[in-house]
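For reference, the structure is listed below as C-alpha cells.
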Amino acid sequence: MNFDKIGLQVPEILLPCKSVDLQKWAVVACDQYTSQPDYWNQVKAFVDDAPSSLNVIFPEVYLEDKDSEQRIENINNTMQQYLDDGVLEPMPRKGFVLVDRKTSQAASRKGLIVAIDLEQYDFNKGSQTLIRATEGTIVDRLPPRVKVRQDAAIELPHIMVLIDDPERTVIEPLFEASLAKIYDFDLMMNSGHIKGYTVDDPELIQQVADRLEHLASPEVFAQKYNISDAEQKAVLLYAMGDGNHSLATAKAIWEKIKADADDVDSIMDHKARYALVELVNIHDEGLAFEPIHRVVFDVQPEQLLAELQAYFGEHCRVHRCESEADMKASAAASNENNVHIVPFIDAGGFGYIQIDQPSYTLELATLESFLNDYLEKVSGKVDFIHGDDIVRELGAKAGNMGFFLPPISKDSLFKTIIFDGVLPRKTFSMGEADEKRFYLEARRIK
C-alpha cells in the first residue's frame, strides 16, 4: 500500500519475544527526569540484567558524563545482540499497533503506532510541510542524538505526533474492531498500565488511511481553520507533541543518507526515510497539556531578579509573597489583559514577576527572552521541569530558582502553528513525566 499522500507507511514492527518481562523492558522517554539521577538509578536496579530498552537508549541525565562514546557503542552493540538473539521479533504481518494507556491522571489515552515519512517533515521555522514541529528546534541539541542514531540498527520511539480529529474518525473507531491483544501490563515506577492491539487487517489499515486523507483534504483543512483563499496556508496534518528533537534527529540522518548517495532515487525506499511514532488525537480525553516549567541552577536569585527588572524596565515589577497560597492568590488577582504573570520560588520563598505590555503572546516567551540573555552572561544553567512539586523541591535549594508557567490550550494548538508558526521550545508537555511514552515497540532502520 502506498500512502505517500498522507505521509504514512505501514511498518514492520518489532516487539520483545514472549520470554521478555515487559515491565522491565519498557522504560520512560530518555528526556525525562533529567535532573533526577535517583530515578534512573532505581530503574537500573529494577531492570538488573534483564533485557530492557534501558540498554538501547541514552537517558539524557547522563549526557554530560565522560563515557558517552562508550555508552553509545554499548547501545549499538546491544541493539544488534537483541536482533541476533531474537529478543526482538517482527510482528507476523506489517501493520499498526493500537495503544490504550492508563496513567496516574487519565483512565485511558489512545494512540496508534505508525511510521511517518520524513520527506514530508521540516522542523525549520516557516515550514509548510504536512508534518511540522510545534516548538523551536535547537539544532545544537541534535549532535549527541545523531551520534546515537547514526549507527543504530533499530529505533524505539518516544515520539508522539498529534492529529486534529474532533469527530474522532481515525483512532477511536479501531477500538470497536476485533483485534488481537499483543501486550497488557503495568508499567514500572508506578507509571500506569498499557495495552496494545495489532492492526494488520488490510481493510482497517485502508480505513485509517482514508480518514487521514479526508483530514488532509485542502477543502476540509480550509474550512476547519477558517482559511481564506488569499491566505494560502499549506495543509498541516501532523503536529509534533513529544519528541521533537528525536524526530529532527531522524530527519538529519535521512538527509545525510540522501546527501551521501550517488543516486538518490535508488534509496527512496530506505528504512531510514521513515520514523516510528505514536499518533494521538489532540481531542482525546486522556490527553492533558501541562506546562513545562523552568528551574535555573547556580545563580544568585536576588541578582537575577535585579537584572530582570533592568531588562524589562518600567514594565516589570517583582512581588514577594508570604506563602505559596498567597502567591497564587496575588498572581491571579493581578492577571489582566496584556499582562504576563510568572510565579517563582527560591530559597527565600515564593513570589511572582509581573510584566506589563509584553512583546510576546506567551508568558514563556517573555521569560525566555530574558533568561536566554541572562544565562549567556553568568555560569548558571536552566532545566525543563514537569510538575509543580519538582519545581518546589529544586527551586527552593540555595543557588537555584524555579519558575511556574501556565498551560496552553490544546484546542488552539493547530491553528496557532498554522498562523503563527512554531512556539518557543519546551512550551508544553503532554502530561506529567510519568505519563510520557514508554519505549516498547521497535523498528529496523538499516
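Run the numbers for Ala398 and Gln150: contour at 0.36 nm per residue of separation, minus the present Cα-Cα distance, in nm.
Separation in residues times 0.36 nm, less the Cα-Cα distance, equals 85.2 nm.
With a 10 Å Cβ neighbour count serving as the proxy for reagent exposure, in which order, fewest first, do Glu12, Glu441 appear?
Lowest to highest Cβ neighbour count: Glu12, Glu441.
Test of understanding: ordering Lys125, Lys397 by Cβ neighbours within 10 Å, fewest first, what list do you get?
Going from sparsest to densest Cβ surroundings: Lys125, Lys397.
Tell me, in nm to one decimal, what length is gained between Asp38 and Glu376 on full extension, where the rule is 0.36 nm per residue of separation less the Cα-Cα distance?
118.8 nm
So what J values fall out for the range 266-272 if you push phi through Karplus, 6.51 cos²θ - 1.76 cosθ + 1.60 with θ = phi - 60°, rounded to Hz, Gly and Pro as x?
After applying 6.51 cos²θ - 1.76 cosθ + 1.60, I find 6, 10, 5, 9, 4, 4, 6 Hz.
Test of understanding: ordering Phe185, Phe312, Phe175 by Cβ neighbours within 10 Å, fewest first, what list do you get?
Phe175, Phe185, Phe312
In debye, nearest 20, what is the charge dipole magnitude of the chain about its Cα centre with +1 on Lys and Arg Cβ and -1 on Asp and Glu Cβ, if you could check?
220
Rounded to the nearest Å, what's the spacing between the alpha carbon centres of the range 160-178 and the range 26-77? Just the number, please.
Using only Cα atoms to place each centre, the spacing works out to 33 Å.
Add -39500 (n - 2.57) for each DSSP H run of 4 or more in the chain, then divide by its residues: what number comes out at 222 nm, to the nearest 500 deg cm²/dmol?
Result for the chain: -9000 deg cm²/dmol, rounded to the nearest 500.
Round to the nearest 10 and give me the degree value, 0 to 90, for the angle of helix 363-375's Cα axis relative to the longest principal axis of the chain.
80
How high is the FRET efficiency from Val264 to Phe46, r the C-beta distance, R0 41 Å, rounded to 0.05?
In this case the efficiency is close to 0.35.
Can you tell me the FRET efficiency between Asp389 and Gln128 if r is taken as the Cβ-Cβ distance and R0 is 51 Å, rounded to the nearest 0.05?
0.80
Can you give the angle from 0 to 90° between the axis of helix 202-215 and the longest principal axis of the chain, with both taken from C-alpha atoms, to the nearest 10?
40
Can you tell me how the range 255-357 classifies by the Cα gyration tensor, rounded, prolate or oblate, using a/c under 1.5 as the rounded cut?
Here the range 255-357 falls in the prolate category.
How many angstrom lie between the Cα centre of the range 350-397 and the Cα centre of the range 244-269?
Between the Cα centres of the range 350-397 and the range 244-269 lies a distance of 36 Å.
Can you work out the FRET efficiency for the pair Ser178 and Asp4, with r the C-beta to C-beta distance and R0 = 25 Å, to the nearest 0.05?
It comes to 0.25.
Read the figures in this text as sums done on the coordinates, not as results from a lab. This is a predicted model, so every value here is computed, not measured. Heads up, the Cβs are rebuilt from the backbone with ideal geometry, glycines too, and the neighbour counts pull from every protein chain shown.
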